[in-house]
1. What is the ratio of the Cα radius of gyration of the stretch 222-292 to 2.2 N^0.38 Å, with N the residue count, to two decimals?
2. What FRET efficiency would be calculated for the residue pair Val48, Leu252, taking the C-beta separation as r and a Förster radius of 41 Å, to the nearest 0.05?
3. Output the peptides 8-15, 166-173 sorted from most to least packed, where packing is the average of other Cβ atoms within 10 Å over each peptide's residues.
4. Full-extension gain between Ser165 and Ile35, please, as 0.36 nm times their residue separation minus the C-alpha to C-alpha distance.
5. What order, most packed first, do the peptides 95-101, 150-156 have when packing is the mean number of other Cβ atoms within 10 Å of each residue?
6. Which order do peptides 247-255, 338-346 fall in by mean Cβ count within 10 Å, highest first?
7. What helices in the chain pass both tests, a Cα length along the helix axis of 27 Å or more and a mean Kyte hydropathy of 1.0 or higher, using whole DSSP H runs?
8. Starting from the Kirkwood Rh over alpha-carbon pairs, what translational D in µm² s⁻¹ does the stretch 275-394 have by Stokes-Einstein at 4 °C and 1.567 mPa s?
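What follows is calculated from the coordinates using simple rules that are stated; it is not laboratory data. Source: prediction; values computed, not measured. Here the Cβ is made from the backbone with ideal geometry for all residues, glycine too, and neighbour counts use every protein chain on show.
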Amino acid sequence: MTMAGNQVKGFSFATAAAGIKQTQRPDCALIFSDIPAACAGVFTRNQVVAAPLQLTRPRVLQGKCQAVLVNSGNANACTGAAGLEAARQNGRTLAAELGIAEELIALASTGVIGVQLPGARLDAVVPHLVKERSADKAAAVAEAIMTTDMFSKTSVARLQTPGQSATILGIAKGAGMIHPNMATMLGFVLTDANIGAQLLQSCLQIAVEQSFNSITVDGDTSTNDMVLLLANGQAGEGEILPQTPAAEDFQLQLNTVLLELAKMIVRDGEGATKLVQIHVRGARSTAEAKEAARSVATSSLVKTAFFGEDANWGRIIAALGYSNAEVDAQRVDIFFDQVQVVSAGLGTGPEQELLATEVLRRKEFRVTLDLHLGAGSSDYYTSDLTYEYIKINADYRT
């Protein structure tokens, strides 16, 4: 799904170069709804929480949001009282310029931790952001919030239920420090559907669990992770109510948008050359299947084998064995796409491993682990671990 011709009614966007990054490229952005929108959010579970999240999280709990101010190049994390005041002042400045309540402003930052945010620079471009906002600048926002990302990330879906013409637009950033609960990522999902905050929160949590909380690049959980979902009802359709076909369709389309964004993040993992789906089936429960998939997806040894295009299933079964899932090694089957390399816990031979090596040369493939213990299944998405990842993160601040 692309963004061409897919505007969300009642939302406008703007970007500016505030000089937060060393380059002169846009490094801050505004997302604005014509009216206060119903709002839901999911945030990092890291105990070290960046200043903008400290302000935004309680505001989102009130269920309303009208504007999002986001900057890249500086995380405004571990910046103490000064960082918190800088974020608060940025919110005040924007609220005054827009003529709306400060509590309707959400703030987000991404970038280097431990450096004071030059809040005055951000304040200085707020009038420009407000004046220049336009309905067709969502793609520019996706570019402005990038840090180590190699490409911008957007996804669009339309509701399919008869009588509902609403659109869902997702914008995200993320490439490194990617691991669930959540990752060093920002996600802004906008819809013109008419849906209440409580149902919106439920839908978002389900969609995040299947997408942003089912990906990993490097096992690091950031201080700034945030996904916001705003619904302003400007499509003009009737309210979407729980346990209706319209609600089911909204959930389906939201899942699709977020999963597409999540896959983009893994595909863009710093230095990554492969997107790998880890599919576990036959677990005792869905929860155990996810634990098993997570263990394999986050193993550095498994990820380096993917980079080396080595069908080293021993690393996979070892990672499976130290997961929190129940495992009987004598029942485990392992496949690389359709090529079976392990049957009932034993290797299927060198010819199968050669075929599996051919699978590993692809940019995208699936590893399936069948535990044969129950009906639980789950998917996880991971990248390979490359020399380039080390290079990018060794000199990130320079």
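1. For the stretch 222-292, the normalised Cα radius of gyration comes out at 1.53.
2. Values: r = 35 Å, r/R0 = 0.86.
Rounded to the nearest 0.05, the efficiency is 0.70.
3. 166-173, 8-15
4. 44.9 nm
5. Values: 95-101: 14.6, 150-156: 19.1.
Top to bottom by mean Cβ count within 10 Å: 150-156, 95-101.
6. Taking the mean over residues of other Cβ atoms within 10 Å, the ranking is 247-255, 338-346.
7. The answer is none, since no helix passes both cut-offs.
8. After rounding, the answer is 92 µm²/s.
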